[in-house]
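The structure under discussion appears below in the form of structure tokens.
The values are calculated or read from the model by the stated rules, or taken from the named source; none is laboratory data. Given the structure is predicted, the values throughout are model-derived calculations rather than measurements. Reconstructed Cβ throughout: ideal geometry from the backbone, glycine too, with neighbour counts over all protein chains shown.
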Amino acid sequence: MQKRQFLNTVACAALALTAGNALAQDKFKIGLILPMTGPFASTGKQIEAAARLYMAQNGATVAGKKVELIVKDDTSAPDVTKRIAQELVVNDKVQVLAGFGLTPLALATAPLATQSKTPMVVMAAATSSITQASPFVVRTSFTLPQAAVAIADWAPNNGIRKAVTLVSDYGPGIDAEKFFKDRFTFNGGQVVDSLRVPMRNPDFAPFLQKVRDLKPDAVYVFVPSGAGAALMKQFAERGMDKAGIRLIGTGDITDDDILNSMGDVAMGVVTSHHYSTSHASALNKKFVAAFEKANPGMRPNFMAVGGYDGMRVIYEAAKATKGAGGEPLLNAMKGQIFESPRGPMFIDAQTRDVVHNIYIRKVERVNGQLYNQEFATLTDVKDPGKAK
Ligand code: DHB
């Protein structure tokens, strides 16, 4: 009797183990690490919403496996991002890491992606060098040099000869400054001063005062997503627009998420970027409508599109590898070419970086709402940062 009981217990345990294994193998796990709280929470909210939309539209199974999206808040602290990534790889055995709301968060995790051979899909961070930090990084966001060079070509042909640059003092800001300055100068423009503001809790007032005193034709700005509203408010308070100083920049400054709340001061601001909520394609109209339906009161911005396309790259790679992770999954991400809500998009197999159109846009009121209206297109722009 005792023996039979013992055997029964063993049999049950073995069954449980098999079931557990089968369950584990039946899952395709995506570890999505994002700033969900703190000053960069809007980035996390946009990307999570877009990732969930992609899953709702494309099914929660891929290659016969149930897709499990594990969302973790890194509070935008690099040591937390790295610790969470480690836990996701070691304990949860995720097939892929994704998210990365800021450059320092991506750079902190890149060595772990290399060591563990885990593909790492960067959906937000945009400093050129990130893809070089690990051969396992694939990027679906954009790069600052792509956007900066485009506006540096536009400005001198549109009455802007003298500019001051004003950027957040970290990776993407340094890229935004350098690539604008080099190209603008090459085009005959003059950068009379380059100002850098702290990335966290910036007070733009003293910097804007400096710009006012220098009286350039334009101030060229990069701040990370979400920070544009504060800058725009202080720009108006100092009467910069009335003093005839134009505001230009990469599209991070007129972020679609907050643009509508900026008011008249944003009207006419010209920026360069890879995505606008008002991008006039059938696919984008469908994307925006579905996103807004699933997230009332929210508008998809360039962070959302980075998350949505990142999920596309992951799903298609998982289908090709039948749900396997590691190097095969990474290789299946390389060279993907598809239509994104932003327009045509390509993951360059050599650089693992995104190649896409960059649009020149102007803030206009359409049906009572502010939008970045695209009026010129540079097609298939590779990251100029890779040619260094
Ligand atoms: C980065 C963050 C942003 O919010 C943005 O708009 C561009 C770049 C970054 O940290 O890489």
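Gly323 satisfies every condition listed in (1) at pLDDT below 95; (2) of a type outside the set (S, T, N, Q); (3) farther than 24 Å from Val62 by Cα except (3). Checking each residue in the range 158-176 for being small (Gly, Ala, Ser) and either free of Cβ contacts under 8 Å to residues at least 40 places away in the same chain or in a loop (DSSP other than H, G, I, E, B) (or both) picks out only Gly159. Condition check for Leu88 on (1) more than 14 Å from the ligand (Cβ to nearest atom); (2) of a type outside the set (Val, Ile, Thr); (3) in a loop (DSSP other than H, G, I, E, B): one failure, at (3).
Would you be able to say whether some residue in the range 366-376 is under 16 Å from the mean Cα position of the chain (by Cα), among the aromatic types (Phe, Trp, Tyr), surrounded by fewer than 18 Cβ atoms within 10 Å (Cβ to Cβ) and over 18 Å from Asp252 (Cβ atoms)? No, the range 366-376 has no match at all. Quick one: count up the residues across the range 95-118 that are touching a residue at least 60 places away in the same chain (Cβ under 8 Å), of a type outside the set (Gly, Ala, Ser) and more than 12 Å from the ligand (Cβ to nearest atom). Residues in the range 95-118 being touching a residue at least 60 places away in the same chain (Cβ under 8 Å), of a type outside the set (Gly, Ala, Ser) and more than 12 Å from the ligand (Cβ to nearest atom): 6 in total.
If you check Phe179, Phe184 for being within 14 Å of the ligand (Cβ to nearest atom), in a helix (DSSP H, G or I) and over 18 Å from the mean Cα position of the chain (by Cα), only one passes: Phe179. Applying the selection to the range 284-299, what residues are exposed (fewer than 14 other Cβ atoms within 10 Å of the Cβ) and of a type outside the set (D, E, K, R)? Hits for the range 284-299 are Ala289, Pro296, Gly297. Within the range 92-117, restricting attention to residues that are farther than 25 Å from Ala332 by Cβ and surrounded by fewer than 24 Cβ atoms within 10 Å (Cβ to Cβ), which residue is farthest from the chain's Cα centre (by Cα)? Across the range 92-117, the extreme among qualifying residues is Ala108. Pick out the one residue from Ala318, Ala294, Ala280, Ala376 that is touching a Phe, Trp or Tyr at 6+ places or on another chain (Cβ under 6 Å), over 25 Å from Gly171 (Cα atoms), of a type in the set (Gly, Ala, Ser) and at pLDDT 95 or above. Being touching a Phe, Trp or Tyr at 6+ places or on another chain (Cβ under 6 Å), over 25 Å from Gly171 (Cα atoms), of a type in the set (Gly, Ala, Ser) and at pLDDT 95 or above holds for just one of Ala318, Ala294, Ala280, Ala376, which is Ala318. Please work out which residue is surrounded by the most Cβ atoms within 10 Å (Cβ to Cβ), limiting yourself to the range 119-146 and to residues that are outside any loop (DSSP other than H, G, I, E, B) and within 11 Å of the ligand (Cβ to nearest atom). Among them, the one singled out is Val122. Please determine whether any residue of the range 73-84 is more than 19 Å from Ala332 (Cα to Cα) and assigned to a strand (DSSP E or B). Yes, the conditions are met somewhere in the range 73-84.
Evaluating Val167 against the criteria (1) more than 12 Å from the ligand (Cβ to nearest atom); (2) farther than 18 Å from Val381 by Cα; (3) in contact with a Lys or Arg (Cβ under 7 Å, 6 or more places away or on another chain) leaves one unmet condition, (1). Whether any residue in the range 329-343 is at pLDDT 95 or above, aromatic (Phe, Trp, Tyr), surrounded by fewer than 19 Cβ atoms within 10 Å (Cβ to Cβ) and farther than 14 Å from Val138 by Cβ is what I want to check. Looking through the range 329-343, none of the residues is at pLDDT 95 or above, aromatic (Phe, Trp, Tyr), surrounded by fewer than 19 Cβ atoms within 10 Å (Cβ to Cβ) and farther than 14 Å from Val138 by Cβ.
Evaluated against (1) within 29 Å of Ala113 (Cβ to Cβ); (2) touching a Leu at 6+ places or on another chain (Cβ under 6 Å); (3) hydrophobic (A, V, I, L, M, F, W, C), Val149 falls short on exactly one condition, (2). The helices (runs of 4 or more DSSP H) found entirely in the range 212-330 that carry 2 or more residues being away from the ligand (no atom under 14 Å from the Cβ) and at negative phi are 228-237, 282-294, 302-321.
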